[in-house]
Amino acid sequence: MGYYGGYGRYGGYYGFDWTYLLVIVGVIITAIASSHVTSVYKRYAEIRAASGLTGAQTAAEILRRNGITDVTIQHVPGSLTDHYNPAKKVVNLSDAVYGQTSVAAIGVAAHECGHVIQHHRGYVPLSIRTALVPIANIGSNLGIWIVIASIILGLSGTLTTIGVVLFSFGTLFQIVTLPVEFNASNRALTMLRDYGILGMDEEKKARAVLRAAAMTYVAAAASSLLQLVRLLTIANGRRRR
Ligand SMILES: [Zn+2]
């Protein structure tokens, strides 16, 4: 018996654990957000910006304008793998960004520089997010398994609670990521406009790309929250037994 045997108790459909529907909803919204960003990126990757700057040149220009000299810009393989590594102080730009002159590439490069500036100026949500990384990594993976294992093996309820609390750090991380991402995009678009890197019409296109990218973080936070609700429901159902 154990975990799977408990399904009926949660008022499941056809003897199916209804809480699993929360996970499915999370998977669906994540898939929608991810295919949306891919299609928006593809559309604006074909529109060349008038400035003729590549993603890498855009990043270099933004860093120069902000007097940041200790951050390097690197090319990483893959698509949508762009990120800023604050520990190494490296802006990593992907194939579709580094050497490309599209409004999409320029938008993403500027967004990563938005993170550099957050780091440079001690933007608090970024510090919180960075501090949460280790526990969030452990929590979002191990937390679920602790909850499920503690129920299947009939271990103590305290262990179930520990699993839920661990997992909640992963959810917190996803939520703190949201202001960090939106702020980086806002900084990026302001700089692209102010520095004359993109014209008004081009900036709107870059904005559409960054908004689509931000939606993937919203979807990730929402699915993490749904998974947390699921674990809380399972843990609660167990407590009442
Ligand atoms: Zn970002």
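The values are calculated or read from the model by the stated rules, or taken from the named source; none is laboratory data. As the structure is a computational prediction, the values presented were derived from the model and not from experiment. So basically every Cβ, Gly included, is an ideal-geometry build from the backbone, and we count neighbours across all protein chains shown. Calculation scope for accessible area: heavy atoms of the full protein, side chains included, ligands and nucleic acids excluded. Shrake-Rupley method; radii C 1.70, N 1.55, O 1.52, S 1.80 Å.
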Just flag the GluC sites (Glu not before Pro) in segment 38-137 sitting in loop per DSSP whose Cβ has no more than 16 other Cβ atoms within 10 Å. Glu46
Could you give the dipole magnitude of segment 50-198 about its Cα centre, charging the beta-carbon of Lys and Arg +1 and that of Asp and Glu -1, in debye to the nearest 20? 260
Compute the projected area of the convex hull of the Cα atoms of segment 40-143, averaged over all viewing directions, and report it in nm² to one decimal place. 7.5
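Sorting Arg207, Arg193 by accessible area (1.4 Å probe), largest first, what list results?
Accessible-area ranking of Arg207, Arg193, largest first: Arg193, Arg207.
If you take the Cα Rg of the chain and divide it by 2.2 N^0.38 Å, with N the number of residues, what do you get?
Its radius of gyration relative to the 2.2 N^0.38 Å reference: 1.20.
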Residue among Gly154, Gly107, Gly143 with the largest mean-square fluctuation in a Gaussian network model of the chain, springs linking Cα atoms under 10 Å: Gly154
Segment 142-190 accessible area per residue, 1.4 Å probe, protein heavy atoms, integer Å², reads 43
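What translational D, rounded to a whole number of µm²/s, comes out for segment 106-239 from Stokes-Einstein when the hydrodynamic radius is the Kirkwood one over Cα pairs, at 25 °C and 0.890 mPa s?
D = 149 µm²/s.
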How far is helix 124-152 tilted, in degrees, relative to the longest principal axis of the Cα atoms in the chain, given as a value from 0 to 90 rounded to the nearest 10? 30
Once both label points are put 7 Å beyond Cα along the C-beta direction, the Arg193-Leu178 separation in nm becomes 2.4
Rank Thr38, Thr101, Thr58 by mean-square fluctuation in a GNM of the chain with C-alpha springs under 10 angstrom and give only the top-ranked residue. Thr38
Principal-axis tilt of helix 55-65 within the chain, Cα atoms, nearest 10 degrees: 80
Which value in deg cm²/dmol, rounded to the nearest 500, describes the helix-derived mean residue ellipticity at 222 nm for the chain, given -39,500 (n - 2.57) per DSSP H run of n ≥ 4 and division by the residue count? -24500 deg cm²/dmol
Per segment 112-169, sqrt(5λ) over the Cα gyration tensor eigenvalues, sorted largest first, in Å, gives 35, 9, 5
Give me the percent of the accessible area of the chain that comes from carbon and sulfur atoms, probe 1.4 Å, all protein chains in place. 62
Return the single residue from Tyr123, Tyr98, Tyr217 with maximal mean-square fluctuation; model: Gaussian network over the chain, springs between Cα atoms under 10 Å. Tyr123
Just read off the accessible area of Asp201 with the full protein assembly in place, 1.4 Å probe, to the nearest 10 Å². 90
Take every DSSP beta bridge whose two residues both sit in the chain, then give the antiparallel share in percent to the nearest 5. 55
Measuring from label point to label point, each 7 Å out along Cα→Cβ, what is the Thr30 to Lys204 span in nm? 3.5
